[in-house]
Amino acid sequence: MKNKVQVWLRTSILAIAAISLILVGCSEPPVSSTASTAEANKITAGVSSQEISELPQLEGLAMVEMKVNGASILIKVDGENAPVTAGNFVDLVNRGAYNGLVFHRVIKKPQPFVAQGGDTQSKDPDFPVARLGTGSFIDPDTQQPRYIPLEITPESADAPVYGQTLKQAGVSAPPALRHTKGAIAMARSPMPDSASSQFYFALTDLGFLDGDYAVFGYVTPESMEAVEAIDQGDRIESAKVIEGLENLKKS
């Protein structure tokens, strides 16, 4: 009985933390990012197969090494279950887009939650801290933000669901990639297809986010200590693709 109460309390605390984040900080969802209001209004709910084909895709697996506070964090990126989400991340890593960026949102208390970074505006040390969480990757070719669709593959499915949460799509199966401790997933605004460059590490199991946010890989077990040591304001010293770059395909 005691264990059941402890689990209930822990789940309740995480849910309250998520709700509180919806109500404060620019009306952010549990794991939010990207897009000013004006930018967000340009994002459509539906994504065509043509639009998806024009985005970088990872056809297989890759390994990324991210260095924070002098420690290496190895990330296994899964392009088999999240080809567009993984391809976007690997492409940004390969471009050097994450080097020097800040973890602007790290929540460890009252319960471990997430360590979130990837806002491209955070490279500027003079950028207002209060406005971090609104930045996207600006494609140098188009000078426009690059957004990717919400992409979640249900367990045992042959293809991902795009542009909708699993609940919205009427899918009852759990996702193939779940929010277990050490998962890496894309942050987004309330609009499903608004993820860009911001990502987060799950600091504990976050099953209540499954089916709503796109997990695309996991840190290796030996890297979890370095992830748990991340504090708000820490910078990504470097990020590079150390395996599987040949699996990245661009249109």
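Once backbone amide H atoms are built at 1.01 Å from N, THR153 has VAL161, ALA176, LEU177 as its partners under 5 Å, excluding neighbours fewer than 5 places away on the same chain.
Of the trypsin sites (Lys or Arg not before Pro) found in the range 131-214, those that fall in a DSSP loop while having at most 14 other beta-carbon atoms within 10 Å are LYS167.
Tell me the relative contact order for the range 164-207 as a rounded percent, counting alpha carbon contacts under 8 Å between residues six or more apart.
Details: 48 pairs, mean separation 17.5, N = 44.
Across the range 164-207, relative contact order equals 40 percent.
Spacing of the modelled spin labels on ILE242 and SER72, each 7 Å from Cα toward Cβ, amounts to 0.3 nm.
Rounded to two decimals, the Cα-based Rg/Rh of the range 102-251, with Kirkwood Rh, is 0.96. For the range 37-156, the Cβ-based charge dipole about the Cα centre amounts to some 660 debye (Lys, Arg positive; Asp, Glu negative; other atoms uncharged). Since only PRO175, LEU203, GLN164 are under comparison, the one whose Cα sits farthest along the positive direction of the charge dipole of the range 155-212, derived from C-beta charges on Lys, Arg, Asp and Glu, is LEU203.
Just so you know, all these numbers are worked out from the coordinates, no wet-lab data involved. Predicted model only: the values in this text are computed from it and were never measured. Using ideal geometry, Cβ is built from the backbone for each residue, glycine included, and neighbour counts are taken over all protein chains shown.
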